[in-house]
Amino acid sequence: MARITAGVATSHVPAIGAALDNGRSGEDYWKPLFAGYDFSKKWIAEDKPDVVILVYNDHASAFSLELIPTFAIGCADSFQPADEGWGPRPVPVVEGHPALAWHLAEKLILDEFDMTIVNRMDVDHGLTVPLSLMFGQPQAWPCKVIPLAVNVVQYPPPTGNRCYNLGKAIRRAVESFPEDLKVQVWGTGGMSHQLQGPRAGLINRAFDNAFLDRLVDDPVAQSKVPHLDYVREAGSEGIELVMWLIMRGALDDKVKVAHRFYHVPASNTAVGHLILENGAA
Amino acid sequence: MARITAGVATSHVPAIGAALDNGRSGEDYWKPLFAGYDFSKKWIAEDKPDVVILVYNDHASAFSLELIPTFAIGCADSFQPADEGWGPRPVPVVEGHPALAWHLAEKLILDEFDMTIVNRMDVDHGLTVPLSLMFGQPQAWPCKVIPLAVNVVQYPPPTGNRCYNLGKAIRRAVESFPEDLKVQVWGTGGMSHQLQGPRAGLINRAFDNAFLDRLVDDPVAQSKVPHLDYVREAGSEGIELVMWLIMRGALDDKVKVAHRFYHVPASNTAVGHLILENGAA
Amino acid sequence: MTEKPYHDIPGTILFDAEQSRLGYHLNMFCMSLMKAENREAFKADERAYLDRFPMSEAQKQSVLDRDWNGMLALGGNIYFTSKIAATDGLSFQQIAAIMSGVSQPEYAEMMLKGGRSIDGNRSKKESR
Amino acid sequence: MTEKPYHDIPGTILFDAEQSRLGYHLNMFCMSLMKAENREAFKADERAYLDRFPMSEAQKQSVLDRDWNGMLALGGNIYFTSKIAATDGLSFQQIAAIMSGVSQPEYAEMMLKGGRSIDGNRSKKESR
Ligand SMILES: [Fe+3]
Ligand SMILES: [Fe+3]
């Protein structure tokens, strides 16, 4: 039987990818950021997942305004890094796990989540930067990845409550898959940041740290927080944090915090990172 | 305030469109079928809706297997009749109602339905044949149309229960729209039919009529019927009937049957048609 | 193949995840026939056109043979395979007749008489 | 414009239904810049390229002027308008500086010092 072993949350700032790809990760500006993932690289090498369900959002790369799915699950054999305007990132092709992805799609739809099934999709920095942060720069990604793209660009994104419950449904679906697989769920995006308008550059350390606390200890309360609070307190792009609730919903009610990291800034953004393990209770 | 005044259900067999478009509706084969809609044309002329929310499914016209939304709502200004391989049907362009459609999309997503927002989509016979049956062959369709495309081609479609609840959520959303609009919800597809394999041509009069009875009088019970029963009893394409539950969910618990019609065959399909009015209780 | 409750329905292949994965390229080939220039290219040299798609040899042969039931078994979906029929100038009823093993007049007659009966067609177990 | 609770947030335009309807063609123009040949065509004659899209004159002018806040007010979304910035060879941080009315070094300095403070930036009412 497949099982969810852990959850990872991390920001997915494009500048982080660019720093890595351009060999600038050793610069003073970037060193403290990458140092925050040293533990994580060791941790994941020690108990490598077979599959990562990677919750992220597309940033007008695969989806324009022609068609905006709330939840899209990638069922293809593989996914190419997207060309976001400067050529695709020089990272490996992302190998999918179509058998588990289709199983999830089927179970989630029957569980009354209105998924969009996607068989062809390029994946942008939202998906590839977290892989780079956790795995560095390998020739091939060491595990299969199921992309789960959440709309957070067009208001309204799904509610925090919906995201949290989707996580719970993902767990049920994973646990009904007959093959013996170690599965991690990653939630990406955030933390506080605003890329647009006169308020660009907003960072809210207090909000971010309270979010990290509550995501661990009281995710149900966090799942009730309305969009308005995220946008007001964490910036118009801080709303990406609702995606972390999907990861959290897929874990036990009580979890062990294996790692926690917070850093400001990466370009325009506050960076947060959590590794949560099941089996704490 | 916008309000839902009535629901219409009808099959959407492509051969019906072809018969009309090719001037064959007066032939002996087709006469009894079109006669079943004589009442309906008068009925709708007497209390013309401003907007129809038209629930239908795409048949590999707008959506291939690259991307399969469970629920897609058309928010565009207009929708072109699709070229299904023989050129587009010679029917008017379908004018949308973007203000109400976007309102619905927003409210439905906040109400935890995971809609796909679509701003560009051609509409196939699933949407245009019901318009032809209800309005005949006008120069322009006499009302605005919001396409709501439901996946029923790739198993699994949304559950009957999910469809019924979507109807209820649509009603809440319509009733929160400030403009004074008369809105109808149409459910299309079905009735029993199977287009594929050695069992092609299956018709189940008893199942269809029991479905019509229960849709009117006990929709909650009908909403619990599993997909397997539809496929087994009403054919692999009979599963389209789940879409009628969206229409039904948008109406009062008690409704008045203004019209009911059943006819076999239209090409490979049993044709069913209902007009249900609110305000019976 | 994992056994599913709907596998008990006779003469019916549900287009589920398994079939969809199996038939992806076959169906995407069919979808390409929505464009007039592709229909022309297919008609001009069917084999060469099919070779543009990463389909299995069995899938390609089923198309060349117009083996409509074979295509479904190999992952085809009827709404996609019917685009080959449209390219050939065949109606839905004509391929329905072929798939159910009768002539088109016989099939049309069956439909006029109320269609194929559900009795005996519910379940493989029942009909044994 | 219907008043929404998030209209109270200063310096921020939420990309809601209203903005998305308003900016559809502006954003789809931006999306077209994902293709190298379109970037070339745009650079060669910006006005002529913009005229291919059914955008309002004000939207076209905001693009020609690189009025980044103006584009947002006219329905642009930052993930789309940033594709113009990429075409111009500007980074996200460079346009963020322009949108917030400071030089890029000043903006970068603010970010290094922990970013723009939330205090005084929560609410238009609060800051009055
Ligand atoms: Fe992001
Ligand atoms: Fe249909």
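The values are calculated or read from the model by the stated rules, or taken from the named source; none is laboratory data. Note that this is a predicted model, so its numbers are computed, not measured. Counting neighbours? That spans all protein chains shown, and the Cβs are built from the backbone with ideal geometry, glycine included. All accessible areas refer to the heavy atoms of the entire protein, side chains included, with ligands and DNA or RNA removed. Shrake-Rupley method; radii C 1.70, N 1.55, O 1.52, S 1.80 Å.
A Cα-only calculation for chain A places Rg and Dmax at 17.0, 52 Å. Placing a label point 7 Å from the Cα of B:TYR262 along the Cα-to-Cβ direction, the distances to the matching points in the other copies come to 6.5 nm, shortest first.
Each residue of segment B:185-200 was assigned a 3J(HN,Hα) from its phi angle through the Karplus curve 6.51 cos²θ - 1.76 cosθ + 1.60 (θ = phi - 60°); the sequence is 10, 10, x, 10, x, x, 7, 4, 6, 9, 9, 10, x, x, 8, 3 Hz, with glycine and proline shown as x. When the scattering of segment C:11-90 is computed by the Debye formula from its Cα atoms alone, each counted once and equally, what is log10 I(q)/I(0) at q = 0.18, 0.20, 0.22 Å⁻¹? Treating every Cα as an identical point scatterer, log10 I(q)/I(0) equals -0.65, -0.80, -0.98. Does segment B:1-141 come out rounded, prolate or oblate, given a ≥ b ≥ c as the square roots of the eigenvalues of its C-alpha gyration tensor, rounded meaning a/c under 1.5 and, failing that, prolate meaning a/b above b/c? Taking the square roots of the gyration eigenvalues as a ≥ b ≥ c, segment B:1-141 is oblate.
Note on chain B: antiparallel DSSP beta bridges, both residues inside, total approximately 50 percent of the bridges counted. Basic side chains Lys and Arg get +1 at the Cβ, acidic Asp and Glu get -1 at the Cβ, and with that the dipole of segment C:11-90 about its Cα centre reaches some 160 debye. Annotation for segment A:160-259: GluC sites (Glu not before Pro) lying in DSSP loop with at most 16 further Cβ atoms inside 10 Å of their Cβ are A:GLU179. Computed over protein heavy atoms with a 1.4 angstrom probe, the accessible surface ordering of A:VAL271, A:VAL153, largest first, is A:VAL153, A:VAL271. When the helices of chain D are scored as -39500 (n - 2.57) per DSSP H run of n ≥ 4 and the total is divided over every residue, the value at 222 nm lands at -16500 deg cm²/dmol. Helix C:17-32 and the longest principal axis of the C-alpha atoms of chain C enclose an angle of approximately 50°.
Amide H to amide H, with H built 1.01 Å from N, A:PHE177 comes under 5 Å of A:ALA2, counting only residues 5 or more places away or on other chains. Using the Karplus relation 6.51 cos²θ - 1.76 cosθ + 1.60 with θ = phi - 60°, the per-residue 3J(HN,Hα) values for segment A:53-70 come to 8, 9, 7, 7, 10, 7, 10, 6, 10, 7, 10, 9, 8, 5, 8, 10, x, 5 Hz, with x marking Gly and Pro. GNM remark for chain A: springs join alpha carbons under 10 Å apart, and the peak mean-square fluctuation among A:VAL94, A:VAL185, A:VAL216 falls on A:VAL216.
The charge dipole of the protein assembly as shown, taken about the Cα centre with unit charges on the Cβ atoms of Lys, Arg (+1) and Asp, Glu (-1), comes to about 840 debye, rounded to the nearest 20.
Of the whole protein surface, C:GLU46 contributes about 50 Å² of accessible area at a 1.4 Å probe radius.
The alpha carbons of the protein assembly as shown stretch over 82, 56, 56 Å along the principal axes, in descending order.
Among B:HIS193, C:GLN61, B:LEU108, whose Cα sits farthest toward the positive end of the charge dipole of the protein assembly as shown (+1 at Cβ of Lys/Arg, -1 at Cβ of Asp/Glu, about the Cα centre)? With unit charges placed on the Cβ atoms, the residue in question is B:LEU108. For chain A, the relative contact order is 31 percent, taking Cα pairs closer than 8 Å that sit 6 or more residues apart in sequence and dividing their mean separation by the residue count.
Estimated from helices alone, the mean residue ellipticity of chain A at 222 nm is -10000 deg cm²/dmol (sum of -39500 (n - 2.57) over DSSP H runs with n ≥ 4, per residue). Accessible area of B:VAL231 (1.4 Å probe, protein heavy atoms only, ligands and nucleic acids ignored): about 10 Å². Taking the Cα centre of segment A:3-277 as origin, sum charge times position over the Cβ atoms of Lys and Arg (+1) and Asp and Glu (-1), and report the length of that vector in debye to the nearest 20. The dipole of segment A:3-277 has a size of about 480 debye. For segment A:16-87, chymotrypsin sites (Phe, Trp or Tyr not before Pro) meeting the loop criterion (DSSP other than H, G, I, E, B) and having at most 14 other Cβ atoms within 10 Å: A:TRP86.
Where chain B is carried onto chain A by rotation, the Cβ closest to that axis, with its residue and distance in Å, is B:ASP114, 2.
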